[in-house]
Amino acid sequence: MKQIQILFLFLVICFSVVAQNTGNDAASIRAQISAIRKSTNWSDAAAAKTANAKIQELAGKLTQALRQGKPQTPPPGSEGIKPEEAAKIQQDNDDYSNKLWNQMMKIVSEGGKGKWDLAEPLREEIVEEYKEDESLKVACPEFLEEMTYLCINMSMPGVQMVIDQMENYKSIKILVITGGKAGAPVDLETIIAKAANYPLQQLCIINFRNFVTNIPKSVGNFPKLTSLMLYNNQIRQLPPELSSLNSLKKFCVDINPLVSLTPTIDKLNKLDTLGIAKTQITEAEINRIKLELPNCKILLK
C-alpha cells in the first residue's frame, strides 16, 4: 500500500510539471504548416521539396509540443488573441489534464501495475492532425489545375483515393499506371475513362506482369500522345484503335508475349523509336516494319 501511495505522489508531481509546461505553441505550429500548404506551388518540384522538408520539421515540433501538453497561456507575441480562442486553448488544456488524471487514477486502482504513457491521450489527436494529409485528397484548386504528372501505383495502399479524384485534375500530360515491383490487379478501363479529358502526351502502363493481358481501345482516344510505354505485361495483341495515335513518336512494348504489331504499327508515320525487346515478334515482321517506317529506330535489347 505504501508503494502505491509513493507511486501516486510521484505521478501527481509529474502531472503537475506537465500541466504547467507552457514553453510550446502547437497552435502556431499548425498555422505555419497550414500557411506552407496554401502558399506552395506544388507543381514546382524544387518548391515542393523545400515545403515538404519544412513541413516535416514543423511536424516534429508539433508532435513534441503535443507530448509536452497544451500551453496554458498565449505564447509571447500573441497578446492580441481573441477571447474565444483563449477559451478554446484553456478547454484543450483542461481536456488534456483530465485524460492524464484519469490515466493516473486507473494505474493506482490497478495497484501500480499499469503503465503511464504521456502520449496516450494525444495519439488520437496526432492522427487527426494528419488525417487530411493521409487522405491524399487535394483541396487547392490551383494544384488541381496546374499539376501535369500523375502516377497511379496499384501496389500502394490508398491508391483508390487517387483514382477517385482523377477527374478533378485538368492538366495531366504524363500518366503512369504501374503494378509496382510484383504487379497488381488493375481496372484499366475505369482509369483510362477517368483520364479521358487529360491533354496526355505520355502514357505508361507498366510492370503489371500477368495482371494485364490487353489494352483498352480507349487508349487510342488521346490525339496528343507522343509516347506510349506498355512494357513488362502479358499483352499478346494490340487493339487496332492504337493506329489512330498520329502524334506517337515513341512506342515500347518490351517484355510482352506479342507476336505481331500489325495493323497497329502501319499508320504510325511519326514513330521514331520502337522498343520490342523480349517479345515474340519475328524477324520477318521486323524487316517489314523497317520497310514501312525507315526512319524508326527499332530497339531489340
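The values are calculated or read from the model by the stated rules, or taken from the named source; none is laboratory data. Given the structure is predicted, the values throughout are model-derived calculations rather than measurements. Every residue, glycine among them, receives a Cβ derived from its backbone with ideal geometry; neighbour counts consider all protein chains shown.
Numerical summary
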item: Residue check for residue 241: under 22 Å from residue 200 (Cα atoms), at pLDDT below 95 and not hydroxyl-bearing (Ser, Thr, Tyr); result: yes
item: Positions within segment 265-301 being of a type outside the set (D, E, K, R) and within 36 Å of the chain's Cα centre (by Cα), in sequence order; result: 265, 268, 271, 273, 274, 275, 276, 277, 279, 298, 299, 300
item: Residue in segment 200-216 that is modelled with pLDDT of 95 or more, closer than 22 Å to residue 295 by Cβ and not basic (Lys, Arg) present; result: yes
item: In segment 171-186, the residues that are of a type in the set (A, V, I, L, M) and part of a loop (DSSP other than H, G, I, E, B); result: 172, 182, 184, 186
item: Check on residue 249, more than 23 Å from residue 179 (Cβ to Cβ) and without any contact (Cβ under 8 Å) to a residue 40 or more places away in the chain; result: yes
item: Count - residues of segment 175-185 that are more than 14 Å from residue 230 (Cα to Cα) and either surrounded by 18 or more Cβ atoms within 10 Å (Cβ to Cβ) or touching a Leu at 6+ places or on another chain (Cβ under 8 Å) (or both); result: 1
item: Test: residue in segment 187-210 that is part of a strand (DSSP E or B), over 21 Å from residue 255 (Cβ atoms) and assigned by TED's automatic domain parsing to the domain that holds residue 269; result: no
item: Evaluation of residue 280 against (1) in contact with a Gly (Cβ under 6 Å, 6 or more places away or on another chain); (2) within 17 Å of residue 214 (Cβ to Cβ) (one fails), failing number; result: (1)
